[in-house]
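Everything on this sheet refers to the single structure shown next.
Derivation of every value follows stated rules applied to the coordinates shown; laboratory data play no part. Since the structure is predicted, the reported quantities are computational estimates derived from the model, not experimental observations. With ideal geometry, Cβ positions are generated from the backbone for all residues, glycine too; neighbour counts draw on all protein chains shown.
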Amino acid sequence: MHGTKWRRLSLALGLALGAQAEGRDASRLDLVSGGAVEGQVLIDAPDRVVVDLGFEVLTIPADAVRRMQALGAEPAAASPATALYHSADQGPAMNVKEAVEQVAEAVLRVRTPVGLGSGFAIHPDGYVVTNHHVIDGEHDLTLTLFEKTAQELRPVLFENVRIVALSSLLDLALLKIEDLGERRLPVVPLGDARTLVQGEAVFSIGSPLGFDRTVSQGIISLKNRPVDGQLYLQTTVQINPGNSGGPLFDLSGQVIGVNNMKIRSIGIEGLSFAIPSTTLKGFLENVDAYAFDARSPNNGYRYNPPPAADPTPTKGVQPDD
């Protein structure tokens, strides 16, 4: 008798939740196991997600859900204010090898007279994102694209690079290749860091210590770690000098962060940090507020014109013996 009452109560609860969910858009839940479920989300709680499949109500532990996305929502289209980047529908998770094949060509090496870093193309007209600290105080910049051909991976050097925008607080910079010619850059979409879950697999591509096209894999340790008043993605991805400014990808090939620092000390491992893609989008959507001006004293541009040399030495003056 008790079992019959429980089944009736469960059925009534399911019907009530289904009535509340009527008219909602269906969602897709990508699971940690690699599978996926589509249906109307009735409950999204910290410990579980309840999904109406249409013929059955399914309860999934929250830690088994890798990502959840509404299916009926329009894809995030670029408006005039956000035309510098694009977002894409969340695709299926790939393995790291497949994802690298898809996105690696959009990652560039950033070199200055005193160092190097990484960057990635967000617009085919030559717009590239990197860290502010990679180019801080410099203006003589070069970018190297590694172009994939049928026979080889060919480095393409760009030496006419303009600084478009900078933010030392956000540690972000936007560059523009001016000598692109008729070439169009391969680009990567910006994902939504808010949908990440703790333990989710991520990977990075960059030039640590000058070793170009290096892939490092890890997981999201925490997606909202506060450091000096800013929120960062904490990961176990190996980050070394030269990785700064490079993209942090999820397994669908979307940029969900910009690698920018790690904690280094004896006995400390696996503490790397990336700027979330939500912060990057805000920077790009308000790029005019961060516009670079070489005449401004607040932009880190530290070059002074050299003194003019007098080509005619003064007559009658001899050096001291």
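Fewest neighbouring Cβ atoms within 10 Å first, the residues 180, 284, 108, 157 line up as 157, 180, 284, 108. Binning all Cα-Cα separations of region 92-177 at 10 Å, short to long from zero, yields these whole-percent fractions: 17, 47, 27, 9, 0. Converting phi to 3J(HN,Hα) with the Karplus coefficients 6.51, -1.76 and 1.60 and the offset θ = phi - 60°, region 101-118 yields 4, 7, 10, 4, 5, 8, 8, 10, 8, 10, 10, 10, x, 10, x, 8, x, 10 Hz in sequence order, with x at every glycine or proline.
Based on the Cα coordinates of region 227-276, what is the per residue volume of their convex hull in Å³? Spell out each step's value before the answer.
Numbers: hull volume 3.8 nm³, N = 50.
In region 227-276, the Cα convex hull volume per residue is 75 Å³.
For residue 165, the residues 5 or more places off, or on other chains, whose built amide H falls under 5 Å of its own are 174, 292.
Give, in whole angstrom and from largest to smallest, the semi-axes √(5λ) of the equivalent ellipsoid of region 117-261, with λ running over the eigenvalues of the Cα gyration tensor.
Working: eigenvalues 125, 66, 37 Å².
Semi-axis lengths for region 117-261 are 25, 18, 14 Å.
Each residue in 171, 44, 288, 250 was given a count of other beta-carbon atoms within 10 angstrom of its own, and listing them fewest first yields 288, 44, 171, 250. Put in line by how crowded their Cβ is, counting other Cβ atoms within 10 Å and starting with the fewest, 214, 278, 59 read 59, 278, 214.
Apply the a/c threshold of 1.5 to the C-alpha gyration tensor of region 193-290 and tell me whether it is rounded, prolate or oblate. Because its axes are fairly even, with a/c under 1.5, region 193-290 counts as rounded. What the phi angles of region 244-261 give under the Karplus curve with 6.51, -1.76 and 1.60, with θ = phi - 60°, is a coupling list of 4, x, x, x, 9, 9, 8, 7, 9, x, 9, 6, 10, x, 10, 5, 9, 6 Hz, glycine and proline written as x. For region 217-227, 3J(HN,Hα) computed residue by residue from phi via the Karplus equation (6.51, -1.76, 1.60; θ = phi - 60°) reads 10, x, 9, 7, 7, 7, 9, 9, 7, x, 9 Hz, glycine and proline entered as x.
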